[in-house]
Amino acid sequence: MNPVFAKLPTTIFEDMSARARANGAINLGQGFPDTDGPEDVRQAAADAVLTGWNQYPPMRGLPELRAAIGDHYAAHQRLSADPETDILVTSGATEALAASILGLVSPGDEVIIVQPAYDAYAPLVRQAGGVPRFVSTRPPGWKLRAEDLETAVSDATRFLILNSPHNPTATMLDAADLALLADFCVSHDLIAICDEVWEHLIFDGAEHKPLITMPGMGDRTVKIGSAGKIFSLTGWKVGWAIAPEPLAAATAKTHQFLTFTTPPNLQSAVAYGLGKDMSYFTDMRAGYQASRDRLATALRDGGYAVLSSAATYFLLIDLPASGIDLDDRAFALRLVEEFGVASIPVSALYEIDAVATAIRLCFAKDDATLDAAANRLIEARKALA
């Protein structure tokens, strides 16, 4: 049995989804939309199954998809990447994380992880023989502090794992944050592994700027993206890593022994999708922003303290500020079992020094589902506050 993974509990996402099914609850816990992605992208995948290539594609990904990824980031983020050497297609962003961590982290390397964090980061670091070092952020602003980073770093530190836009806090790094992190990585000679799967799910006219484009970071960053998030097709599991050739090569060597490749039909459809007109991305963001505002407004009107959501599919409720004297896990369990709404307690995404005062809700749902969930949440507050 694998000594790292065998001891791990079921993830909070699977746990809460199972409770939602058992209780017939509305699932605002696990982060997936309740509608399919764009029909033309799905049609491109269907066409590729019938008329395209159905055998093993190249290990690094279809040339047409790698080229489309390069063109996409040049257009959207002014990022230059060579499709031949710098881009690797993976079976989802989590596989890109696994391939980069397992391919780059050596036994004994210390890896800084910013909390709250996606629960795959630390187990993958430990599986590689690395040692996680945690830096915590806290509400309401969830800001990174230079002093916390400096406290976490040592002579053995080699990597920083970063998620921006950030799940679960729904925050984005601003220019000062990016400058702080770039200076920190350069001064301590660290490689940054950047989980940027929410890069297109940003609101209120904001613009995502990747850390890899900051001074000094071009040769020390792995940038990870996800077609599932961009096109609301989370089940497709098509992701990628962009990195300078030495980092990309090490990641690719690991990828070849994890999944080796990704279905060529889906790759072909994603290549088509990444070339869509800018209006698709603008309209997609506007749709999710409207859903965010609908749920947030209903909850605020019902007495909840809702924290600002700048990006992702998520918003957070501040429980103490909402008059609820329960920790996040206790409230989340009562919410799903007694009131029929599944959520994610934010404390589950910390390993140490957890914040236990907030729950995460997914607003990537249709209006009727959001309205029904809001009504149930308001009833829960009336009963539990």
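Just so it is clear, none of the values below were taken in a lab; they were calculated from the coordinates. None of these values were measured; they are calculated from a predicted model. Note: ideal-geometry Cβ built from the backbone for every residue, glycine included; neighbour counts use all protein chains shown.
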Debye, to nearest 20: dipole size of the chain, +1 on Lys, Arg Cβ, -1 on Asp, Glu Cβ: 580
So, in Å, what gap is there between the alpha-carbon centers of the range 120-147 and the range 246-305? 23
Using the count of nearby Cβ atoms within 10 Å as a rough guide to exposure, how do TRP240, TRP53 rank from fewest to most? TRP53, TRP240
Please check: in the Gaussian network model of the chain (C-alpha springs, under 10 Å), which one of GLN267, GLN30, GLN77 has the largest mean-square fluctuation. GLN77
Square roots of 5 times each gyration tensor eigenvalue, C-alpha, the range 248-385, largest first, Å: 35, 22, 13
Can you report the principal axis dimensions of the range 332-385 using only the alpha carbons, biggest first, rounded to whole angstrom? 37, 26, 15
Which one of ALA356, MET59, SER232 is farthest out on the positive end of the charge dipole of the chain, using unit charges on Cβ (Lys, Arg +1; Asp, Glu -1) and the Cα centre as origin? ALA356
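Need one number: the % of Cα-Cα pairs in the range 244-323 sitting beyond the 19 Å mark. Show your work: numbers first, answer last.
Numbers: 2034 of 3160 pairs.
That tail contains 64 percent of the Cα-Cα pairs.
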From the residues ALA128, ILE112, TRP198, which one has its Cα farthest along the dipole of the range 39-276 in the positive direction, the dipole being from +1 and -1 charges on Cβ of Lys/Arg and Asp/Glu about the Cα centre? ALA128
If you take the charge dipole of the chain about its Cα centre, with +1 on Lys and Arg Cβ and -1 on Asp and Glu Cβ, which of ALA170, PHE281, LEU335 is farthest toward its positive end? LEU335
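Which net charge results when you count Lys and Arg as +1 and Asp and Glu as -1 among the other residues whose beta-carbon is under 11 Å from that of LEU233? Each step should come with its number before you reach the end.
Details: positive: ARG42, LYS229, LYS237; negative: ASP36.
Overall, the nearby charge balance is +2.
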If every Lys and Arg gets +1 and every Asp and Glu gets -1 at its Cβ, then about the Cα centre the range 80-203 yields a dipole, in debye to the nearest 20, of 480
Express the Stokes-Einstein translational diffusion coefficient of the range 1-101 in µm² s⁻¹, to the nearest whole number, given a Kirkwood radius over alpha-carbon pairs, 37 °C and a viscosity of 0.692 mPa s. 187
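Between PHE260 and ASP327, what is the FRET efficiency for a Förster distance of 45 Å, r being their Cβ-Cβ separation, to the nearest 0.05?
Values: r = 43 Å, r/R0 = 0.96.
The value I calculate is 0.55.
As a test of the formula, what do you get for the chain when each DSSP H run with n ≥ 4 contributes -39,500 (n - 2.57) and the sum is divided by the residue count, at 222 nm and rounded to the nearest 500 deg cm²/dmol? Kindly include the intermediate steps, with their values, before the conclusion.
Details: 13 runs with 161 residues, N = 385.
Computed ellipticity for the chain at 222 nm equals -13000 deg cm²/dmol.
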Using 1/(1 + (r/R0)^6) with R0 = 25 angstrom and r between the beta carbons of SER279 and ARG78, what's the FRET efficiency to the nearest 0.05? 0.80
How large is the Rg to Rh ratio of the range 267-306 when both quantities use alpha carbon positions and Rh follows Kirkwood? 1.29
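Using Cβ contacts closer than 10 Å as the measure, can you line up SER232, SER187 from fewest to most? The partial results should precede the final answer.
Numbers: SER232 22, SER187 11.
Arranged by neighbour count, lowest to highest, SER232, SER187 become SER187, SER232.
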Would the range 78-212 count as rounded, prolate or oblate if I go by the C-alpha gyration tensor, calling it rounded below 1.5 in a/c and otherwise prolate when a/b exceeds b/c, oblate otherwise? rounded
When N is the residue count of the chain, what does its C-alpha Rg come to as a fraction of 2.2 N^0.38 Å? 0.97
All-pairs alpha carbon distance profile, the range 136-284, 5 Å steps from 0, percent: 2, 8, 16, 20, 19, 16, 11, 6, 2, 0
With springs only between Cα atoms under 10 Å apart, run a GNM on the chain and tell me which of SER322, SER308, SER279 wobbles the most. SER279
The range 102-119 and the range 54-91 have their Cα centres apart by a whole-number Å value of 25
Dipole size in debye (nearest 20) for the range 288-368 around its Cα centre, Lys and Arg Cβ +1, Asp and Glu Cβ -1? 220
Filter the chain for me: DSSP H helices, axial length by Cα at least 24 angstrom, mean Kyte-Doolittle hydropathy not below -0.5. List them by residue number. 367-384
Once each part is reduced to its C-alpha centroid, what is the distance from the range 211-238 to the range 178-197 in angstrom? 15
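May I ask you to sort ARG360, ARG329 by Cβ crowding, counting other Cβ atoms within 10 Å and putting the fewest first?
ARG329, ARG360
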